[in-house]
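The values are calculated or read from the model by the stated rules, or taken from the named source; none is laboratory data. All values reported here derive from a predicted model rather than from experimental measurement. For neighbour counting, all protein chains shown are included, and Cβ atoms are generated from backbone atoms with ideal geometry for every residue, glycine included.
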Ligand SMILES: Cc1cc2nc3c(=O)[nH]c(=O)nc-3n(C[C@H](O)[C@H](O)[C@H](O)COP(=O)(O)OP(=O)(O)OC[C@H]3O[C@@H](n4cnc5c(N)ncnc54)[C@H](O)[C@@H]3O)c2cc1C
């Protein structure tokens, strides 16, 4: 819907569409537990990445609500979850560094690989760049230990929803609110996080394997 997504639009010289289809090798997902980071290829699906991380007892800090996106797509588009904790809800806020293939001079072979990392001047600009700077070929995110959570669902009157919402967001790292405005009620899904359990995440627990 934008010129970014349409290489010929508005340009006399045309443009190039780059396929990132082969940028999805799960063997390229490397967890470093000493720095608590994961280096990931840009095109792997988020759901697969989360499962691979879970096998190693770690997880991403924040993602969007749907897992059919790629790490590079999420970061390049500024996609976010929702949180007042840590660095907030932006997936890109937990990016540590990324490698980008950028156009270069003829002497350099027309393309070169640059790495931008936290602390460098270019890092903020490069993160949410919608693909216009080049092709992101690797991303490194900060990760946190897997935890087990228990969830409580409750319904309350919405008279002080604004204050209740803020209190909830400050108290809980993970929570969800559904507002039933015609009923003047809201539903709260509150989570209690159990420290550093290496049990499988909820998304892997099936009725037959659930305790
Ligand atoms: C069902 C659904 C639910 C969603 N929920 C949320 C949500 O909860 N929160 C939220 O913030 N967003 C949400 N979104 C939006 C989503 O985060 C964005 O559409 C995201 O960009 C999708 O990632 P993608 O892998 O499909 O990227 P694409 O759509 O393929 O690309 C997005 C941008 O990133 C660039 N890009 C992709 N790969 C590379 C690469 N390797 N190098 C350089 N640039 C690259 C592209 O050029 C493009 O500009 C949702 C989308 C859907 C379809």
- Task: For residue 83, indicate whether it is more than 8 Å from the ligand (Cβ to nearest atom) and over 18 Å from residue 140 (Cβ atoms).
- Result: yes
- Note on the structure: Scanning the stretch 52-66 residue by residue, those within 9 Å of the ligand (Cβ to nearest atom) and surrounded by fewer than 21 Cβ atoms within 10 Å (Cβ to Cβ) turn out to be 64, 65, 66
- Query: under 22 Å from residue 120 (Cβ atoms), surrounded by 14 or more Cβ atoms within 10 Å (Cβ to Cβ) and either more than 10 Å from the ligand (Cβ to nearest atom) or in contact (Cβ under 8 Å) with a residue 60 or more places away in the chain (or both), is that true of residue 96?
  - Reply: yes
- Query: Of all residues in the stretch 117-144, how many are without any contact (Cβ under 8 Å) to a residue 12 or more places away in the chain and assigned to a loop (DSSP other than H, G, I, E, B)?
  - Reply: 4
- Message: Just the residues that are within 16 Å of the ligand (Cβ to nearest atom) and at pLDDT 95 or above, please, taken from the stretch 138-177.
- Response: 138, 139, 140, 141
- Might you check whether a residue that is under 11 Å from the mean Cα position of the chain (by Cα), free of Cβ contacts under 8 Å to residues at least 40 places away in the same chain, part of a loop (DSSP other than H, G, I, E, B) and closer than 20 Å to residue 173 by Cα occurs anywhere in the stretch 52-63? yes
